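A short reminder: the numbers here are calculations on the coordinates, not readings from a lab. All values derive from a computational prediction rather than experimental measurement. Note that we place each Cβ from the backbone using ideal geometry, even for glycine, and neighbour counts take in every protein chain shown.
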Amino acid sequence: MMSDDRSALQGSDTWSALTNAPLASVPNPKSKTENLKSPVGVAAIGCGYWGPNVIRNLAELPGFRLRAICDLSRERLEAIGRRYPAAWATTRYEELLGDPEIEAVYVATPVSTHYPLVRAALRSGKHVLVEKPLATSVEQGEELCELASSAGRTLMVGHTFVYSPPVRKVKELLDTDVLGQVFYIDIARVNLGLFQKDVSVLWDLAPHDLSILLYWLGCAPLDVSARGRSFVKDGLDDVAFLTLQFPNEVLAQLHVSWLAPSKLRRTTIVGSKRMVVYDDVEAVEKVKVFDRGVDRVPESFGEFQLTYRSGDVVSPKIENTEPLYLQCSHFLECIRTGCRPLTAGPDGVEIIRILAAAQRSMNNGGAIEPVQPRRRSC
Ligand SMILES: NC(=O)c1ccc[n+]([C@@H]2O[C@H](COP(=O)([O-])OP(=O)(O)OC[C@H]3O[C@@H](n4cnc5c(N)ncnc54)[C@H](O)[C@@H]3O)[C@@H](O)[C@H]2O)c1
């Protein structure tokens, strides 16, 4: 059964109030006002696996002018550069940082290079959108935020799923009390590969789900316990299991892995009224709302009988815009208006805090580690 539930969002606290703000409108290439605004010169650093998606979206957005692309690999540069002849190509990021026509850069390089590249770009006066995670330590992340703030430049982190229409639809269901009180959330993000060279699966994949959880629940977890293993390569865990305790007794379980037989991107939310399955691998019905649950019916004084409720399964209508396009569009709007991005530098630091706590827990055999968030407001 399909429905088109467009009930208003009801944000209440900081994270949700912030992230409930409507997304930047997607510029229409044919719009007269869009054509009157001068395009923002942008460059992309990193033409590996993810970079070409970034570059395609930057090139398609009417408000940006893709001026340059950069990669250490000449081969990658040539392969991608052929598709964008109007953009010049370089293996030295310093060259594009010295170009005054480039106002903004998108960094899509390995995680360990984010901090030095973003720092250099901000010091050169560029607005920066950097892939997740922002950096590899809280200290580095905080330094980058301070740098952006003192330079008056936009620093945004590519927590792409916060811009994803199905994730935003689930947020709407949560905020309009369709699910009731959230009991627990169970997430699996597993596949065969892609193994990263510089970070473990925790730092590679978990940022996606942590950013989704913070967006949905509007607050950071109180604590985390985590276990991980490296079965394939020494040193970098290829599988990790995290248990996160949020305020209001909400429990979340996250399984991330590069070592699984098939691709799973499946999240289950169990609430007191209804349950949701968000499956990002599904082509069409990515979100399904199950009118299922267990009710406690009083039987006699102090005694209850359990009744099982099994009603309709509804798949709400969801727009089909590419999340990366929406993210790049939001970056453009933040540069133009000076607005705070939905996934600004400090939000990126909050994710690093949780990753760092999970890493400490793994190093301590799964001990419960407190997360010290910047703000906690559930
Ligand atoms: N948002 C998402 O859904 C998503 C998906 C995949 C990857 N990512 C992120 O994108 C980033 C890149 O991941 P990837 O899988 O494309 O990695 P990759 O290794 O395939 O590509 C990285 C590229 O960066 C280049 N590079 C490295 N250092 C450089 C430097 N100093 N200057 C210029 N180029 C440099 C490399 O030569 C390589 O071509 C990571 O931060 C990753 O977390 C995000």
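Each of Val107, Tyr93, Val157 was placed along the dipole of the chain (beta-carbon charges, centred on the mean Cα), and the one lying farthest toward the positive end is Tyr93. Holding the Cα-Cα limit at 22 Å, pick out from Lys197/Lys286; Lys37/Lys317; Lys169/Lys286; Lys126/Lys197; Lys171/Lys286; Lys132/Lys273 the pairs that are longer than that. The answer is Lys197/Lys286; Lys37/Lys317; Lys126/Lys197; Lys132/Lys273. When the helices of the chain are scored as -39500 (n - 2.57) per DSSP H run of n ≥ 4 and the total is divided over every residue, the value at 222 nm lands at -9500 deg cm²/dmol. Between the beta carbons of Glu299 and Gln253, assuming R0 = 35 Å, the FRET efficiency works out to 0.60 to the nearest 0.05. Restricting everything to alpha-carbon atoms, can you work out Rg to Rh for segment 48-89 with a Kirkwood hydrodynamic radius? Radius of gyration relative to Kirkwood radius: 0.93. Evaluated over the Cα positions of the chain, the convex hull gives a direction-averaged projected area, one quarter of its surface, of 20.9 nm². One compactness figure for segment 188-250 is 1.22, namely its Cα radius of gyration divided by 2.2 N^0.38 Å. Sorting Arg309, Arg153 by the number of Cβ atoms found within 10 Å of their own Cβ, with the fewest placed first, yields Arg309, Arg153. Take the Cα radius of gyration of segment 175-280 and divide it by 2.2 N^0.38 Å, N being the number of residues; the result is 1.12. Charge dipole of segment 263-342 (Cα centre as origin; +1 on each Lys and Arg Cβ, -1 on each Asp and Glu Cβ, all else neutral): 220 debye, rounded to the nearest 20.
When only the Cβ of Lys, Arg, Asp and Glu is charged (+1, +1, -1, -1), the dipole of the chain relative to its Cα centre reaches about 720 debye.
For segment 36-135, the mean projected area of the C-alpha convex hull, equal to one quarter of the hull surface, is 5.8 nm². For the chain, DSSP calls about 60 percent of its internal beta bridges antiparallel.
Phi angles of segment 165-180 translate, via the Karplus equation with coefficients 6.51, -1.76, 1.60 and θ = phi - 60°, into HN-Hα couplings of x, x, 5, 5, 5, 5, 4, 4, 4, 5, 6, 9, 6, 5, 8, x Hz per residue; Gly and Pro are given as x.
So for segment 305-378, considering every pair of alpha-carbon atoms, how many percent are separated by more than 20 Å? Taking all Cα-Cα pairs of segment 305-378, the fraction more than 20 Å apart is 63 percent.
Given R0 = 45 Å, the distance between the Cβ atoms of Asp177 and Phe231 translates into a calculated FRET efficiency of 0.60.
Each residue, Ser272 and Leu72, gets one label point 7 Å from its Cα in the Cβ direction; the gap between the two is 5.3 nm. Under 12 Å from a label point 7 Å along Cα→Cβ of Arg309: give me every residue in segment 154-184 with its amide N that close. In segment 154-184, the label zone of Arg309 (backbone N under 12 Å from the point 7 Å along Cα→Cβ) covers 178-181. Rounded to the nearest 20 debye, the dipole magnitude of segment 77-154 is 220 debye, with +1 charges on Lys and Arg beta carbons, -1 on Asp and Glu beta carbons, and the Cα centre as origin.
When the P(r) of segment 238-378 is calculated, the portion above 28 Å amounts to 45% of the C-alpha pairs.
Extending 7 Å from the Cα toward the beta-carbon at both Arg360 and Phe195 defines two label points whose distance is 3.1 nm. Relative contact order for the chain: what percent, with Cα pairs under 8 Å and sequence separation of 6 or more? Relative CO of the chain lands at 20 percent.
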